[in-house]
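Since the structure comes first, as structure tokens, the remarks are kept for the end.
No lab work stands behind these numbers, since they all come straight from the coordinates. As the structure is a computational prediction, the values presented were derived from the model and not from experiment. With ideal geometry, Cβ positions are generated from the backbone for all residues, glycine too; neighbour counts draw on all protein chains shown.
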Amino acid sequence: MTANNTQQATVAQLFDQLADSYDCAALRFFPFTADQLARRLAPQPGEKILDVATGTGAVAVAVAQRLQGGRVIGVDFSERMLDRAYANVRRMALHNIDLHPMDATALEFRADYFDALTCSFGLFFLSDMSAALREWRRVLRPGGRILLTSFAASAFQPLVQLYCDQLAAQCGSQLAVADLPWQRLADTDVFRELLADAGFETIEFAEQQLGFHMQATPEWWDVLWNTGFRGPLLGLEAGQLELFRQQHLARVAEEFRDGTCWLDVPVIFASARVST
Ligand SMILES: C[S@@+](CC[C@H](N)C(=O)[O-])C[C@H]1O[C@@H](n2cnc3c(N)ncnc32)[C@H](O)[C@@H]1O
């Protein structure tokens, strides 16, 4: 197995573990973002739209609900996330969504097939983002559009710094906020260059705040435990994990004022087109 394959397998395994609690209330910034992404995409009647790294289907559902005729195809390499997506699609009684297990970097679709492609909080997980974008461009028709999201650099601060501090103190971890996966796209100049190099045009960025006030520290723990933040905690045995949780949340409690704490979730929306 190559280093890339090993890294991908680790990510797929992590999301398999996260799937059952991924749709929890503390992660509502995912469906909030999905709604905004679908609004910005403005699906046109009859379009074929691919949602890459669809997860539990938040974007696929939001786009399909706005789509008259046409189809949304959602793909993800975590089978457990897709199981949740199937359940969500059934619950919403949507009949215009197909879901397939698939690697985002090797799409099993012919060239020029889709009218639009979306990927929310997925690109930064891929080791070769340039190659992935070229692959996504391949399946888009001339004039087709792409809409991607990522977190802005300051997302989840100051709490995410406290999380890294606690990891360093308790586990000797060297993980810095600057090393978190989404920081790879936080600089829109870098993001723009990636899109331009992959052959996209009319590249535009917008930033939107999709945070909310948390009412208690366990909400922050739900954010950590039900997202990729769980990864560094997996090596801890039960007692160490409980100690981490207690000490970290005691420090996080100091950030609460009048019983609430703002969860800062600035989201970058990147849009572009394939030339006609
Ligand atoms: C943070 S979640 C986002 C899910 C969804 N787009 C949303 O906004 O709620 C990232 C998703 O990317 C998927 N993913 C990561 N790398 C992938 C790859 N190489 N191929 C397919 N899916 C991938 C994960 O399995 C996970 O479901």
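Can you bin region 68-163 into rounded, prolate or oblate? Criterion: square roots of the alpha carbon gyration tensor eigenvalues sorted a ≥ b ≥ c, rounded for a/c under 1.5, prolate for a/b above b/c, oblate for the rest.
Oblate, because a/c is 1.5 or more while a/b does not exceed b/c.
Whole-Hz Karplus ³J(HN,Hα) for region 126-137, in order, using 6.51 cos²θ - 1.76 cosθ + 1.60 and θ = phi - 60°, x for Gly and Pro?
8, 5, 10, 5, 5, 4, 4, 5, 5, 5, 5, 5
Translational diffusion coefficient of the chain at 37 °C, 0.692 mPa s, Stokes-Einstein with Kirkwood Rh over Cα pairs, in µm²/s as a whole number.
In µm²/s, the coefficient rounds to 170.
Determine which residues of region 256-271 fall in the zone a paramagnetic label at residue 216 would reach in this model, i.e. backbone nitrogen under 13 Å from the point 7 Å along Cα→Cβ.
Within reach of a label on residue 216, which here means backbone N under 13 Å from a point 7 Å along Cα→Cβ, region 256-271 contributes 260.
If packing is taken as the mean number of other Cβ atoms within 10 Å per residue, what is the order of 207-213, 128-134, 56-62, highest first?
56-62, 128-134, 207-213
Scan around residue 212 for amide H atoms under 5 Å from its own, H built in the peptide plane at 1.01 Å from N, and keep only partners 5 or more places away or cross-chain.
Counting only residues 5 or more places away or on other chains, the set is 263, 265.
Which of the three applies to region 1-144, rounded, prolate or oblate, going by the alpha-carbon gyration tensor with a ≥ b ≥ c and a/c under 1.5 meaning rounded?
Numbers: a/c = 1.77, a/b = 1.10, b/c = 1.60.
Oblate shape, in that a/c is at least 1.5 and b/c is the bigger or equal ratio.
At 7 Å along the Cα-to-beta-carbon direction for both residue 255 and residue 96, put a label point, then send me their distance in nm to one decimal.
4.0
Counting other beta carbons within 10 Å of each Cβ, put 73, 203, 97 in order, fewest first. Numbers along the way, then the final one.
On the way: 73 22, 203 17, 97 25.
Least crowded to most crowded, the residues run 203, 73, 97.
List every residue whose amide H lies under 5 Å from the amide H of residue 114, counting only residues 5 or more places away in sequence or on a different chain, with H placed 1.01 Å from N in the peptide plane.
Close amide H contacts, sequence-distant or interchain: 140, 141.
Tell me, how many Å apart are the Cα centres for region 171-234 and for region 7-64?
15
Measuring from a point 7 Å past the Cα of residue 21 along Cα-to-C-beta, which residues in region 223-248 have an amide N at less than 11 Å?
Residues passing the 11 Å test: 223-227, 230.
How far, in nm, would the chain grow between residue 87 and residue 262 when pulled straight, counting 0.36 nm per residue and subtracting the alpha carbon separation? Don't jump to the answer; show the numbers that get you there.
Details: separation 175, 0.36 × 175 = 63.00 nm, distance 3.10 nm.
Computed gain between residue 87 and residue 262 is 59.9 nm.
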